[in-house]
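The values are calculated or read from the model by the stated rules, or taken from the named source; none is laboratory data. Quantities reported herein were computed from a predicted structural model and do not represent experimental measurements. A quick note on method: Cβ atoms are made from the backbone with ideal geometry, for glycine too, and the neighbour counts reach across all protein chains shown. Just the protein is used for accessible areas: all its heavy atoms, side chains included, with ligands, DNA and RNA removed. Shrake-Rupley method; radii C 1.70, N 1.55, O 1.52, S 1.80 Å.
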Amino acid sequence: MWIHRQPWKRDHSTGSRLPVPELEDSIRRYMAAQKPLLGDSEYRKTEKLAKAFKNGIGKELHKNLIELDKKNFHTSYITGPWLDTYLSSRDPIVLNFNPFITFKRDPQESYNDQLVRATNLTVSAIKFLNSLRSRILEPDIYYVNPQWSKSKAFKRFLSFLPTSVSWYGAYFAEAYPLDMSQYVHLFNSCRVPKQGKDELFSDHGARHLLVMRNGHFYVFDILDPIGNILHPYEIQAHLINILQDEETVAEYPLGYLTTENRNTWAAVREQLLQAGNEESVYKIDSAIFCLCLDSFRVENSSHLSHCMLHGYGYNRWFDKSFSLIITVDGSAGINFEHSWGDGVAVLRFVNEVYADSTKHPAVVPRGTAATLCSTNVEKLQFHLNASIQSAVTVARQKFDKQRHKMTVKPFEFRKFGKQYVIQERMSPDAIFQLACQVAAYRQFGKIVPTYESCSTAGFKHGRTETIRSATVYTKRCAQAFIRDRKKYSAQELRKLIESCSKYHKFLQMEAALGQGFDRHLFALRYLAESRGDPVPEFYRDPAYQYINYNILSTSTLSSSSVFLGGFGPVVPDGFGIGYNIYDYWLGCNITSYMERDLDEFLLDLEGSLNDFFDVFQGRSLK
Ligand code: BUJ
């Protein structure tokens, strides 16, 4: 649910609507994804249940979903249910939902000073906000093959297509106009904990920035009443004022509360409001965004990931739509709340902010801010009774315990990257996914449920679809590489890899076109539940639960402004795998609650990639 204090809204969405797949297709795709995970008799049982669903209650639900979708022409069939699922989860959002993306360092080292970088990134972020508000932000177009899709011939070709199908035309030319409706939620927004289901709050009239430092909260107006940004050196003077304030961490840092179970936090928030803190809480919720100025240096990549994924708890407000975090050594990143939007929207923001802050920095090192006086910073004050104080202490203890269990490790593979794989006429994404499949097969002795996130931002209010990267092809390939590696020639193994790549590309295309099965089956279940029906037997099948217990949760992004990124595993015994395939190498950043298993997985991943390289080079496996 959205509460808009001041309606400022523009529908930056594309025209094409996310299709509701045919039920028959979804069941067929579901069964194909189940095949590598199930034994023969389990498969037959699941097949029976799927058939009964397709011809019975599923058919009725599907008809109902189509009718509903026709009535909700302004959006997509997945938007409401997907948002609802995020907001209804009672698990803490940190570690479980909020991902992070870090910026590369500024190429001019002196600009990585914490104060200089904080000022420049903040100014660039506000410039992005102003372009959005003045409607001059160019529409997002995702070009896969820019030479062809940016050409005049392509534009002419598109102009002949009716708008309802032009996105498909774009798909074939590999240029995608993306839905931009999520951007309205990027600024002045916050998730608000409520009993049972949270809400999203926005106040686009608010003009202040929230700054956190040592667990203390500060605000100052960064826009004037007509939306002009403060002079950069004035912003810097305010940040100096904040950095020179208290050295000690707040006695009861309220940020810990945002790491809590959502019902617990909702109850404490009520107490906070009743204790006379309404105005301060409102200033946090409505701030344009949250700037976290951390008081330590980052030691290495793993420390950087921990800092951006969860930090030490006290200097974060995880409910804000996003926080810009900057450490003493100038490492910078974004941690974002996930219910309002997806990686594509945040990545565009990150790319633009990085480019602007490095190409057109608003302030230079040793500028003139120190001579300006800053009087407009307000430090937020809170009245905390004993009950709130003890809630903060408990939240802190729980959070500290949980964060210590989390391991994050980066991994780099330098023998090949995108260019090499393309030259081998295969899909780089498919090869990385296959390497994960082979590694997991080696580690677990079986194929495990796998989730690869795929954006459906090509459609109006599209969000994501799942690519099921564990397939009958990857199973065959994993068995060949692990169980029977001596039996196959390099040429035969290459053929097996090729078939995985081809099928993966096909699944990827289906998912991007909204033709997966996950969101459709999810929406049918959601509909049954919202009608008050009992959950259909199809969903109570252990095989349905199993395929949704994703041991490997994966997501990729491609950007030259990003240094690292990541997110937590979605099951306690799984891995959260963020990866990027660069031109000449590839890398990933993996989270897990099981450090030893993660070390083993990384070794297996490296082993798989080395094997692939040998095969590509025509060498048989040893
Ligand atoms: O699928 C969805 O609906 C949303 C997903 C959910 N999940 C995270 C569980 C998969 N959300 C996203 O995919 C957003 C993720 C945003 C962060 C992605 C980070 C990947 C970058 C990694 C770069 C690693 C480079 C390492 C070099 C050593």
Matching residues in segment 450-459 - criterion: being open to solvent by less than 30 Å² (accessible area, probe 1.4 Å) and either within 12 Å of the ligand (Cβ to nearest atom) or touching a His at 6+ places or on another chain (Cβ under 8 Å) (or both): 450, 452, 454, 456, 457
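Looking only at segment 466-496, filter to residues that are within 16 Å of the ligand (Cβ to nearest atom) and among the polar types (S, T, N, Q); which one of those is farthest from residue 434 (Cα to Cα)?
From segment 466-496, those within 16 Å of the ligand (Cβ to nearest atom) are 466-470; that's our starting set.
Still in the list and also among the polar types (S, T, N, Q): 466, 469.
Values: 466: 16, 469: 8 Å.
Ranking the qualifying residues of segment 466-496, first place goes to 466.
For (1) closer than 30 Å to residue 473 by Cα; (2) assigned by the TED database to the domain that holds residue 366, each residue gets a yes or a no:
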position: 39; (1), (2): yes, no
position: 47; (1), (2): yes, no
position: 52; (1), (2): yes, no
position: 67; (1), (2): no, no
position: 81; (1), (2): no, no
position: 131; (1), (2): no, yes
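Can you tell me which of 310, 303 is free of Cβ contacts under 8 Å to residues at least 24 places away in the same chain, within 28 Å of the chain's Cα centre (by Cα) and open to solvent by less than 40 Å² (accessible area, probe 1.4 Å)? Walk me through it before giving the result.
On the way: 310 fails: free of Cβ contacts under 8 Å to residues at least 24 places away in the same chain.
Checking each option against the conditions leaves just 303.
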Out of 486, 502, 475, 495, I need the residue that is surrounded by fewer than 22 Cβ atoms within 10 Å (Cβ to Cβ) and outside any helix (DSSP H, G or I). Which one? 486
Please specify each residue of segment 64-103 satisfying the condition of being in a loop (DSSP other than H, G, I, E, B) and more than 18 Å from the chain's Cα centre (by Cα). 72, 73, 74, 75, 76, 77, 90
Here are some conditions: (1) in contact (Cβ under 8 Å) with a residue 12 or more places away in the chain; (2) away from the ligand (no atom under 15 Å from the Cβ); (3) closer than 21 Å to residue 82 by Cα. Residue 511 meets all but one. Which one does it not meet? (2)
Any idea which of (1) away from the ligand (no atom under 16 Å from the Cβ); (2) open to solvent by less than 20 Å² (accessible area, probe 1.4 Å); (3) assigned to a helix (DSSP H, G or I) is the one residue 447 doesn't satisfy? (3)
Mind checking which residues of segment 537-574 are in a helix (DSSP H, G or I) and either more than 16 Å from the ligand (Cβ to nearest atom) or polar (S, T, N, Q) (or both)? 537, 538, 539, 540, 542, 543, 544, 545, 546
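Every residue, every condition in (1) within 20 Å of residue 36 (Cβ to Cβ); (2) under 21 Å from the mean Cα position of the chain (by Cα); (3) not β-branched (Val, Ile, Thr), yes or no:
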site: 537; (1), (2), (3): no, no, yes
site: 581; (1), (2), (3): no, yes, no
site: 591; (1), (2), (3): no, yes, no
site: 595; (1), (2), (3): no, no, yes
site: 604; (1), (2), (3): yes, no, yes
Where a residue in segment 130-141 is surrounded by 14 or more Cβ atoms within 10 Å (Cβ to Cβ) and its partner, wherever it lies, is among the polar types (S, T, N, Q) and modelled with pLDDT of 80 or more, with Cβ under 7 Å and at least six apart: 137/131
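From the residues in segment 394-416 that are within 16 Å of the ligand (Cβ to nearest atom) and open to solvent by 100 Å² or more (accessible area, probe 1.4 Å), which one is farthest from residue 301 (Cα to Cα)?
Kept after step one, since they are within 16 Å of the ligand (Cβ to nearest atom), are these residues of segment 394-416: 406-416.
Checking which are open to solvent by 100 Å² or more (accessible area, probe 1.4 Å) leaves us with 412, 414-415.
Details: 412: 12, 414: 17, 415: 21 Å.
Ranking the candidates gives 415 first.
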The residue from 515, 545 that alone is open to solvent by 50 Å² or more (accessible area, probe 1.4 Å) and not aromatic (Phe, Trp, Tyr) is 545
I want to confirm something. Restricting to segment 575-603 and keeping residues that are assigned to a loop (DSSP other than H, G, I, E, B) and more than 10 Å from the ligand (Cβ to nearest atom), which single residue is nearest to residue 438 (Cα to Cα)? 594
Conditions (1) closer than 25 Å to residue 256 by Cβ; (2) in contact with a strand residue (DSSP E or B) (Cβ under 6 Å, 6 or more places away or on another chain); (3) aliphatic (A, V, I, L, M): number failed by residue 126: (1)
Given (1) surrounded by 21 or more Cβ atoms within 10 Å (Cβ to Cβ); (2) among the charged types (D, E, K, R); (3) within 22 Å of residue 592 (Cβ to Cβ), identify the lone condition not met by residue 294. (3)
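Condition check: more than 13 Å from the ligand (Cβ to nearest atom) and not in a helix (DSSP H, G or I). Does residue 534 satisfy that? Give the derivation first.
Values: more than 13 Å from the ligand (Cβ to nearest atom): yes; not in a helix (DSSP H, G or I): yes.
Answer is yes for this residue.
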The conditions are (1) open to solvent by less than 10 Å² (accessible area, probe 1.4 Å); (2) within 20 Å of the chain's Cα centre (by Cα); (3) over 30 Å from residue 439 (Cα atoms), and residue 327 fails exactly one of them. Which is it? (2)
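Filter segment 14-43 for residues that are over 19 Å from residue 448 (Cα atoms) and not acidic (Asp, Glu) and give the result.
Filtering segment 14-43 for residues over 19 Å from residue 448 (Cα atoms) gives 14-28.
The answer is 14, 15, 16, 17, 18, 19, 20, 21, 23, 26, 27, 28.
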